[in-house]
1. Among the candidates L62, L80, L38, L118, single out the residue that is buried (at least 18 other Cβ atoms within 10 Å of the Cβ), touching a residue at least 40 places away in the same chain (Cβ under 8 Å), assigned to a loop (DSSP other than H, G, I, E, B) and not basic (K, R).
2. If only one of R167, R194, R200, R227 is basic (K, R) and touching a Pro at 6+ places or on another chain (Cβ under 7 Å), which one is it?
3. Hey, could you check region 264-289 for residues that are crowded, with 17+ Cβ neighbours inside 10 Å and without any contact (Cβ under 8 Å) to a residue 60 or more places away in the chain and say which is farthest from I157 (Cα to Cα)?
4. Select from region 223-252 the residues that are without any contact (Cβ under 8 Å) to a residue 40 or more places away in the chain, in a helix (DSSP H, G or I) and not small (G, A, S) and write down the one among them that is surrounded by the most Cβ atoms within 10 Å (Cβ to Cβ).
5. Looking only at region 130-152, count how many residues are buried (at least 19 other Cβ atoms within 10 Å of the Cβ) and of a type in the set (G, A, S).
6. Confirm whether A99 is buried (at least 20 other Cβ atoms within 10 Å of the Cβ), in contact (Cβ under 8 Å) with a residue 24 or more places away in the chain and small (G, A, S).
7. Evaluate the following for L274: is it touching a Leu at 6+ places or on another chain (Cβ under 9 Å) and aliphatic (A, V, I, L, M)?
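The values are calculated or read from the model by the stated rules, or taken from the named source; none is laboratory data. Because the structure is a prediction, the values reported are computed rather than measured. Note: ideal-geometry Cβ built from the backbone for every residue, glycine included; neighbour counts use all protein chains shown.
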Amino acid sequence: MAQAEISLLQQLGSNSCPYHDPLTYLDWSALNTSDYWLPQSAISLHGLAQFEQLPEATKKRLSQYEFIAFIQAGLWLESLFIRRLGERLNETRSLTQHAYYLHEIREEAGHSLMFLQLIEKSGLYLPGAWQRPPRLADFLGRHAPVGSALFWLAVAIGEELPDKLNRHVRVHGGAAVNATIAQMCTLHIIDEARHIAHARSALESAVAAMGSLHKRALSPVIALLLRQFVGSFYVPAAEVYELAGLTPGKHWRGLAHDNPARREFIGQCVAPTLNLLREHGFKLASPIL
């Protein structure tokens with residue numbers, strides 16, 4: 001392992017201490033379903049006349065179920081990361097690498113427990129979520145060799161895309177967004193900043209030896225991977241609208257899918273990841289929903 005990589009892992013591991021357990025660190029007493037859980041700008045129907053005409057209680061409930069859908073996607077993804085990093089522990093080449101993987105596993109497990117606590121305390125849940133995860137993303141997460149370019153591409157994309165929604169909540173939430181939700185997003189951002197730095201470094205090492213033809217061949221796979229992650233985190237299922245009281249759910253999902261404001265919002269969230277991948281030589285257009 002290169003000295004630069006060891007130094008990065010030492011720094012990231014050091015910054016993981018002291019560990020903040022979300023179950024005890026967050027102010028769960030402030031959680032309620034009377035507040036927005038997303039700023040209106042991050043709700044899928046924002047910008048549509050039909051959304052503006054909805055009762056305030058319906059808008060809030062939609063924000064809550066959209067956030068629940070978001071974190072249930074996180075539960076699926078973090079379970080893959082924990083599993084694959086755990087498999088990697090017996091293959092680590094240094095104590096520093098071994099220790100950092102344990103830090104990351106602990107933090108990802110903490111996030112998942114945090115999400116489950118939110119679901120339990122709020123009583124909001126999407127029963128059908130993640131029975132059918134996105135096929136390519138799930139397959140690569142489960143089977144791509146750890147250390148391969150495809151694995152770290154999936155990890156980098158999977159870490160970065162949801163991080164942008166968390167950051168939007170922190171910046172634009174203000175007093176309108178529930179305090180526990182805002183605190184949760186901030187804690188998640190702090191931990192994920194380290195995970196993203198690690199994923200970016202590992203991705204850079206994995207693609208360093210790849211030629212332009214190899215990158216060109218992988219580009220369609222990456223484009224599909226991007227679209228699947230965007231769909232998972234930014235395109236709520238019809239069930240979300242149904243549970244918020246908007247029926248038929250397919251109608252409202254169609255409105256959200258074609259919503260120009262939503263497409264612009266998604267484009268802003270995806271842009272940093274697209275730029276990263278293009279800088280590594282992958283030929284990618286903006287993902288199409």
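1. L38
2. Step by step, each of R167, R194, R200, R227 is checked, and only R227 is basic (K, R) and touching a Pro at 6+ places or on another chain (Cβ under 7 Å).
3. That would be I266.
4. Selected residue: E242.
5. Result for region 130-152: 3.
6. Answer is no for this residue.
7. yes
To keep it simple, each residue is scored yes or no on (1) in a helix (DSSP H, G or I); (2) in contact (Cβ under 8 Å) with a residue 12 or more places away in the chain.
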site	(1), (2)
V146	no, yes
G158	yes, yes
H168	yes, yes
A175	yes, no
A217	yes, no
